[in-house]
Each structure stands twice: as C-alpha cells, then as structure tokens.
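Worksheet: the structure to be examined is printed underneath.
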Amino acid sequence: MTILQALVSHKSSNALPAGYAMKSLGFMLRIETDPLTCGLLPLYDQQHNKRGDLVNRWVAPVTAIPNATRTNNPQPLLGCDTAAFVLGLPKSTNEESSAAAAKQADIARAKRHAFNDLLSTWVVESGDPDGEVYLEWVRCGSPGLETAIARLDDRWRKRLDVDAIAIEVGAGEVFHDKRSLQAAWAAHSLQSGSGRRDTCLSCGAFGPVVDTLPQAIQGRFVPGTATAQVVLISGNFPSAQRGATGSGLQSAPVCPTCAVTAVQAFNDLASRDDHRWGSTEDTTATIWWAKSGQEYDFAAIDAPEPERVARLRRSLFDLKRSSRTIEHDRFYALTYSGNVARLMLRSWLDVPLHDVESNVNQWFVDVATASTRWPLPPLSALARSAGSIVFSRGQLREDPPHGAFDALLRTALMGLAVPPSLLNQALTRAKAEIHYATQTHPRSGPHSPFTCLICRSRERAAHRLGLFRLILNRTKPKEQPLSQYLDPSRDDPAYLAGRLFAVRERLQFLASGEVNASIVDRFFDRASSSPSAVEHSLSTLAQQHLKALERKKMKGAATNISKVLTELHARMGAAPDRLDASNQALWIAGYYQQRHGDFEKAELASNAQSSQSEEIDNS
C-alpha cells in the first residue's frame, strides 16, 4: 500500500480525466444529419525516416480515450471503443465454418448492443443533442455504415480490430472529449464490482473499495510484456507485500478514486523521459518522483549533459538552503519489469529527499572520467560496460549484467557501495575488450561493423573507468580517493604498474609503429593480474625499443621515456605479485589515466607547434 499511497501523491501536470488512458485512436465515425448517414475516416499519419522522407508505414495518433481493465467477457467503453462495439463488426477468424462465423457475429451484435445501451444512459442523463442524433441514427438501422466500411482500403480494414473508433456528429465535439461524457465515465468506471465498503488505506476515507485496479497499466511502458494492457500486479520483495494475504486488493482496501489515480500516475511517469530510467536494451525500467513542491531533473543521472547536471545541482542546492520545512519531502523510485501480462515489482525506494541531494552530488564526483568525450558516464552506460557486447542481426547489442542497473541506481540515490560481483564482471570485460579499445580505425570504412565495435569498445572503456572509480572510491579508504585524472603523487604499486605498462605501450608504438601483436595484445591480461609474472619480458622489450628509437634518431624521445620508466620503477619497487580484484581495477585505472595524460601532452605539443608555425608564416 505504501507504493499506491506514493503514486497517489504524484501531482501530474498531464493528468487525464478519470478512467482515461493514452491509447491509439485509429478511426472517426462521423454521423451526418442531412441526410442521416455516416462516414468512417482513418486517422493514421504516414511516418518519416531519419532523412525526413516519407515511408510506407502509418501510425495511429495516441490520445486520451476511455479505458478499463478488460479480460474475459469485456464490458463496453463509453463513447469510444473498437469495431466490435462501435460498428458491430465480427472479429476476423481463420475458421471457415458457418457456425464459427455466426458465433462471432452474435458476439459482435451483443457487444454493440451493450455499447449503445451504455451510451444511451449518458444521453438520457445529460440530454446531449449530438448523442440524441447518434441514437436516432442507430434506430434507423445505421444508414451508410456498410458502405463506409466497404470503402476502406484493406490496410485500414485490418486495423479495425486493433485501434479505437471515436464518434462525432457533423463538425461537433468528439463524444469522448465532452465533459458530460467524461463525468459519466468516471462515475461508471469507479463503481466497485463487489459492493464492499472499507477504510481506504491511501486516503483514509470510508466508502466503497475495489477488488482490482479499475484501470489498466499500459503494456508499452513495461519491458517484457506481450500485451497492450497489464492487469496483474505482483511483488517479490518484502516492502511490496507487507504481510498481505488474499487475492487482488482484498487485503489492501483502496477506494476507486485512489486506485485510478495511482494507475494514471504510473502511466504518466512511465511515459515521460524525464521521470523514467531504462532503455530498450534493459529488461527493467524505473520510474521516479518526488513528494515536494518543486521539480527535480533526476533523469540527468542517466542523461548527464552538462546543462542538465548543472541545473540539477542548482535545484538540489536550493533545496538544501530552503528555509521551508523539508522533513516530509520524500523521493520515490519504483523498478519493475514485465512477464507477459504481469507487472513484476523489482525494488522500491522511499527515502528523504534531502538525503538524495548529497548522494547524487557525490555520485557525479565518483563516476567522472578524464575523457573529454564522455566525462560523466550515464548510469545505464556504466551498467552495460560490465556486460557483454555482441553482434545481433547486424547490429551491436550490449547486455548489462542482471541487476546491474538497479544496483547502480541504489548506489546513486542512497550512497551505497557497489556489489562486489559487478567489479569482477567489469574486470572480465576490460580484459576481453582491450584489443578493440586500443585499435586504430581499419580501412574497411567508417561504417563497417568492425569500426563500430572499435568505437563502442573505446566508449565502453571510458565508462568502465568511471565504474572502477565509483567502486574503488566507495570501498577504499576515503583519504586515498582515486582521482578523475592522472595522479602523479599516487604510490600504490598496482597503480604505478598500470602507468608503467602504458608508458611501455607508447614506447613500442614510437619505436615500431603498428604491429601485428603489441604488448597490449600479448601481456595485458597477465600484467593486470600479476605484474611480476611478465615484468622481465616487458623490461627486456622496453630496452630493445629504446635502442630502436636511438637508431631512428629520436634520442630526445628515448631519453625522456627512459627517465619516466626509471622514475616509475624506483617508486614502484619490485613488481607486485598476484593482484586482488580491487588492485586489478587500480592497475587498469593507472593504465588508462597514463594513456590519457600522454595523449593530452602530445596534443598540447602539437597545437603549440602549429601555433608557432602560423606565427612564423604570418611574420
């Protein structure tokens, strides 16, 4: 019940009428008065591709229409429904027997009678003139209906069983947009089927309570579902169950108004990019909202553009400085997934909003990298960087480890440590992808699959470094945090060994250029796990490469690199033996930060040389 109460507290700026949901509206049944006839108009729009060209794909507009949870023996919606209810059109079937066709015709006829009976109740109560014209058209045998259906193209006729049909009379207001109909549908849809009365655990009012949620959760917002509507909710964690027993909502009485409000809040939050975390590759999604009078862009955690992060930090800083009472302001986050037609609740966060402020600020500090292209990795990118990267149907697919996104989300919002298993998974991927992350672009073209794999591996390596920083800074002593950039004063043997490996890699490149098997290809895995096991081989190769530089008349470069090697050797001492997981991550951090530092120095030197040449040319 805590979750329902929190959803009810969400004040949506996109609130829908009670009993309404955002769904596809495919057709408009327009009743003409003179003469009394009708037309059936498709409402589909043709889509454009990325270049802006029209493609042969048509999509129905999504708008607010009456909605209800419907399973067996579905009841009609008021004023807007599918073809079986509005037109009495039988559902198409693969069976060719006359008995099957007759059965479907009887079902459609019964549905249309139920639809018209419900609509006539609204017309009688409201006295709506357009509704009276519609009923008169029905009593006259629906003139023009068969002709209107026959005029539809085959592509539209196939959609009649899928998308809803709205009704209007002439150029008047569409039925489901009329306020009197919205009020009538709210009263009808909020009726309790069992007649039970109890105290609502959400609002505390005594009155009718519902056995099931009277509205449906939209399936398109729930990853893993195979239905348009999700009607069942189950929880697999203690805070969702609260010792509840029984079926449906019998053990958790809630009034119809609160039940509808909660479902509409869920659908609203799940449909908004600024209140939902998760992508098409994720098997779970998370919605969040805050109980306060101010909006916070916490979506910046997974979309950390500089402007969004700065705006979020400002709003959180204003929250901290606010003179009003904030003890009752709460932050909520609900993680869920789908299983066919079931909504599975995975985790639930309910924490003070002012606690989230310091945790989110520390999150951005802990995950920042030295990369100029990816300085603040998105949360989902951190999760995917610890998972596999594979080709699937000609495209790259990144699968995050199970539960990684949710674990990192809790880390960001609650200031928790990262589970140790994620460190081991990230180390495995770092070693498996190092060959691609250090490759140059091949000649096979900028859009070849191999080139895409190299680009993605580089990006994943940068994100993974942010994950290593996050893990180490949450587990290592706070007096020795791992810096965002190269830390020349850091004396950890593992960190120095990683830096030493990067210097040797650069030395090999200057001496030999591109080679079939670099020291990264041959030694990275063993060097990051047990530096002492490969120290003799790497030291010997370094001496050979220094001599090669001298032969290439690059004595200055050889001298500078030799000094760096000597300094790092002296500070490191004996190469460390087998490293544990934390020190392996520290080794990889030293390696990447040294590479980035060397690249920056080379770029600065190149820019300075170019500027000097331009000055000489201008003079």
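The values are calculated or read from the model by the stated rules, or taken from the named source; none is laboratory data. Please read these numbers as outputs of a predicted model, since none were measured by experiment. For neighbour counting, all protein chains shown are included, and Cβ atoms are generated from backbone atoms with ideal geometry for every residue, glycine included.
From the set of residues in region 528-561 that are outside any helix (DSSP H, G or I) and either within 44 Å of the chain's Cα centre (by Cα) or aliphatic (A, V, I, L, M) (or both), which is farthest from ASN473 (Cα to Cα)? Full working, then the answer.
Let us first name the residues in region 528-561 that are outside any helix (DSSP H, G or I), namely 530, 552-554.
Subset that is either within 44 Å of the chain's Cα centre (by Cα) or aliphatic (A, V, I, L, M) (or both): 530, 554.
On the way: SER530: 22, MET554: 40 Å.
Checked region 528-561; the qualifying residue farthest from ASN473 (Cα to Cα) is MET554.
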task = For region 403-415, name all the residues that are free of Cβ contacts under 8 Å to residues at least 40 places away in the same chain and not in a helix (DSSP H, G or I).
result = GLY403
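If a residue must be among the aromatic types (Phe, Trp, Tyr) and at pLDDT below 90, how many such residues does region 267-325 contain?
Going residue by residue through region 267-325, those that are among the aromatic types (Phe, Trp, Tyr) are 277, 288-289, 296, 298, 317.
Applying the additional criterion that residues be at pLDDT below 90 yields 277, 296, 317.
Number of matching residues: 3.
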Region 379-402 - residue that is out of contact with any strand residue (DSSP E or B) (no Cβ under 6 Å at 6 or more places or on another chain) and assigned to a helix (DSSP H, G or I) and, of those, nearest to PHE524 (Cα to Cα) = SER385
query = So ALA404 clears everything in (1) out of contact with any Phe, Trp or Tyr (no Cβ under 9 Å at 6 or more places or on another chain); (2) surrounded by fewer than 21 Cβ atoms within 10 Å (Cβ to Cβ) except one condition, right? Which one?
reply = (2)
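Examine region 494-515 for a residue that is touching an Asp or Glu at 6+ places or on another chain (Cβ under 6 Å), under 26 Å from LEU546 (Cα atoms) and in a helix (DSSP H, G or I), and state whether such a residue exists.
At the first step, the residues of region 494-515 found to be touching an Asp or Glu at 6+ places or on another chain (Cβ under 6 Å) are 506.
With the extra rule that they be under 26 Å from LEU546 (Cα atoms), the set shrinks to 506.
Cutting the leftovers down to in a helix (DSSP H, G or I) gives us 506.
The answer is yes, given that some residue of region 494-515 is touching an Asp or Glu at 6+ places or on another chain (Cβ under 6 Å), under 26 Å from LEU546 (Cα atoms) and in a helix (DSSP H, G or I).
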message = Looking only at region 146-200, how many residues end up being touching a strand residue (DSSP E or B) at 6+ places or on another chain (Cβ under 8 Å), closer than 26 Å to GLU136 by Cβ and part of a loop (DSSP other than H, G, I, E, B)?
response = 5
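From ALA542, ALA497, grab the single residue that is within 20 Å of ASP598 (Cα to Cα) and in contact with a Phe, Trp or Tyr (Cβ under 8 Å, 6 or more places away or on another chain).
Numbers: ALA542 fails: in contact with a Phe, Trp or Tyr (Cβ under 8 Å, 6 or more places away or on another chain).
So the residue among ALA542, ALA497 that is within 20 Å of ASP598 (Cα to Cα) and in contact with a Phe, Trp or Tyr (Cβ under 8 Å, 6 or more places away or on another chain) is ALA497.
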inquiry  = Quick check on this structure: which one of SER98, SER142 is surrounded by 17 or more Cβ atoms within 10 Å (Cβ to Cβ), more than 44 Å from the chain's Cα centre (by Cα) and of a type in the set (Gly, Ala, Ser)?
reply    = SER142
task = Confirm whether VAL8 is at pLDDT below 90, assigned by TED's automatic domain parsing to the domain that holds ARG330 and under 34 Å from the mean Cα position of the chain (by Cα).
result = yes
task = Identify, from the list PHE501, PHE509, the residue that is at pLDDT 95 or above and either surrounded by fewer than 23 Cβ atoms within 10 Å (Cβ to Cβ) or not acidic (Asp, Glu) (or both).
result = PHE501
inquiry  = Contact list please: Cβ distance under 7 Å, first residue in region 294-310 and farther than 15 Å from LEU353 by Cβ, second residue among the acidic types (Asp, Glu), pairs at least six apart or on different chains.
reply    = ALA299/ASP273; ALA299/ASP274; ARG308/ASP297
key: Test: residue in region 562-570 that is over 30 Å from GLN425 (Cα atoms), outside any helix (DSSP H, G or I) and free of Cβ contacts under 8 Å to residues at least 60 places away in the same chain   = no
